[in-house]
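Take a look at the structure below.
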Amino acid sequence: MNIDELKLRAENLEEQISCAKAEMRIALQPQFSSVLGKIAAEGAQVPGRMRRLDAVLVEEAIEARFDNMPV
């Protein structure tokens with residue numbers, strides 16, 4: 001994929017994530033993070049809003065793991 005295709009893929013995932021329920025958001029996070037990593041590897045700047053969204057998704061995934069942990 002070239003940089004334009006990667007950016008388009010990131011924008012599509014961002015839109016899907018914004019409309020998704022919690023479980024789907026967590027499921028889409030690895031794909032989103034991967035695309036952002038590829039954009040950065042190509043030397044392009046990843047938009048701040050996307051970096052922030054990825055960070056929020058990582059936090060959600062971590063919290064979801066602890067929600068199911070027995071006490």
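Annotations for the structure displayed:
- Lys, Arg +1 and Asp, Glu -1 on Cβ, resulting dipole of the chain about Cα centre, debye, nearest 20: 80
- Taking the C-alpha atoms only, the angle from helix 3-19 to the longest principal axis of the chain is near 30 degrees.
- Full extension of the chain between residue 21 and residue 41 gives 4.2 nm of extra length, using 0.36 nm per residue less the Cα-Cα distance.
- Derived scalar couplings ³J(HN,Hα) [segment 22-29; Karplus, 6.51 cos²θ - 1.76 cosθ + 1.60; whole Hz; x for Gly, Pro]: 3, 5, 6, 4, 5, 5, 7, 4
- Between 0 and 90 degrees, the angle of helix 48-67 with respect to the longest Cα principal axis of the chain falls at about 20 degrees.
- Convex hull per residue volume in Å³, alpha carbons only, for the chain: 79
Read-outs: derived from the displayed coordinates by stated rules, not from any lab. Because the structure is predicted, anything quoted here is derived from the model rather than measured. For neighbour counting, all protein chains shown are included, and Cβ atoms are generated from backbone atoms with ideal geometry for every residue, glycine included.
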